[in-house]
Each structure stands twice: as C-alpha cells, then as structure tokens.
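The values are calculated or read from the model by the stated rules, or taken from the named source; none is laboratory data. Worth saying up front: this structure is predicted, and the values here are computed from it rather than measured. Here the Cβ positions follow ideal geometry from the backbone for every residue, glycine too, while neighbour counts run over all protein chains shown.
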Amino acid sequence: MDITYEEDVRQETVCEVARKMLAAARTAPKAKGTDLLVGCLLKKDAIGEVSEKLKEMVKRDKLPDFFLRDAVNLLSADAMVVLGTKIQSMGLNPCGMCGFSGCEEKNKHPGHPCVFNTGDLGIAVGSAVSVAMDNRVDNRVMYTAGQAILEMGVLPVEVKIIYSIPLSVSGKNPFFDRDKDKLIKQA
C-alpha cells in the first residue's frame, strides 16, 4: 500500500502555498500601475539566520521583548514569505498625503515613503495572507523580522520597508505564543 503521511509533505506543501502567496502579492493592485514590490521565499536555514539577527538586534539595541518573542516564534516556521517595497513618489497632483506639499517637495526627502508605496505593500501583504488563510496555513505578519531582513540586506538596497510572513502547519499557530518568560528562556 502506497501511503504518504502529512508530515512527509508538509514542507513541500507550505512552500507551494508560499509561492502562491508571492503570486497573489505580485498581482495585487498598485498605484498608477507602478510595481515597486519585491518578494522572496525563505526556508528553514534562512529563517534561522533571521532569528539570530533579531536576537543580536535585541541585545545590541535593547529592543522591546516582543522582538525576542518573534525571534523565538520564527523558529517554528516551515517557510517565510518576505515582501518589501521600494520608495518612489507617484507624481500625483494634487496629493500631499505624505505630509509634504506634493511629490516635488517629497522628492527632496528620498527616504520618506510615498503613502502609495506603503499602501501598495499593505494591499500586497493582505492578498498574500488571504492565500495562506484559504489554504489553512497558519501565519502572522511581522514587521520585527522585516527589520532584521532589512538590516541583513536580503532584498535589494532600494527596498526600504519590509514585512515578513512566517508560515506553519501544526496543531496550533506558533506565532501567537505570548508566554514571555518561556520564550526568553528559549532564546
């Protein structure tokens, strides 16, 4: 009898869902049709490196405990989708939603994001996590791991804002563990 157990195909299944999440993010609507999105899939070894970077950042920068919590929680991920955006004004007139009088003034501050960059990234993240949900893969959007990935230079240097979406198939979503003392001991 030919039998395949779920745990034998779990990694393959999660990675297939992650690839679909990347496609959903890519096809999400973008302001003026300008696609500034960059995405990738990280597997176990790379996730471990991100976790270690988060732990390093916690010690070095005295970051809040939830960075350490997320560093530990990441280790339960079977895969992780990473989505980021480049920064570019859309040249809309009138606008000023970024806080500057318009795109011309905003462009004097190239590190300051255009609201459409962050909005497009948010829509892409929402599209991606809906795919995970539709496939019953546990996930959580994390800016903390995105900060580590940004510092590690995983995505092109033009990418300035990054979110990560760790994925897991288990009996319980591990990304919502909140027992601070337990997690700090594991770190």
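For the reader, a short list of remarks on this structure follows.
- Lone qualifier among LEU83, LEU68 - being closer than 30 Å to ASN139 by Cα, crowded, with 18+ Cβ neighbours inside 10 Å and at pLDDT below 95: LEU68
- Among the residues of this structure, SER89 counts as one that is buried (at least 22 other Cβ atoms within 10 Å of the Cβ), in contact (Cβ under 8 Å) with a residue 24 or more places away in the chain, out of contact with any Pro (no Cβ under 7 Å at 6 or more places or on another chain) and in a loop (DSSP other than H, G, I, E, B).
- Members of segment 1-30 found to be outside any loop (DSSP other than H, G, I, E, B) and farther than 20 Å from SER130 by Cβ, listed by number: GLU6, GLU7, ASP8, VAL9, ARG10, GLN11, GLU12
- Looking across segment 125-139, just one residue is in a loop (DSSP other than H, G, I, E, B) and surrounded by 20 or more Cβ atoms within 10 Å (Cβ to Cβ), and that is VAL137.
- Checking each residue in segment 90-126 for being in contact with a Ser or Thr (Cβ under 9 Å, 6 or more places away or on another chain) and hydroxyl-bearing (Ser, Thr, Tyr) picks out only THR118.
- Counted residues, segment 140-167 - those being in a helix (DSSP H, G or I), of a type in the set (Ser, Thr, Tyr) and either buried (at least 22 other Cβ atoms within 10 Å of the Cβ) or in contact (Cβ under 8 Å) with a residue 24 or more places away in the chain (or both): 1
- The residues listed here are CYS95, CYS40; of these, the one that is in a strand (DSSP E or B) and surrounded by 15 or more Cβ atoms within 10 Å (Cβ to Cβ) is CYS40.
- Leading residue by the ranking (modelled with the lowest pLDDT) among those in segment 105-124 that are assigned to a helix (DSSP H, G or I) and surrounded by 21 or more Cβ atoms within 10 Å (Cβ to Cβ): LYS106
- Flag if ARG10 is within 19 Å of SER170 (Cα to Cα) and out of contact with any Leu (no Cβ under 8 Å at 6 or more places or on another chain): yes
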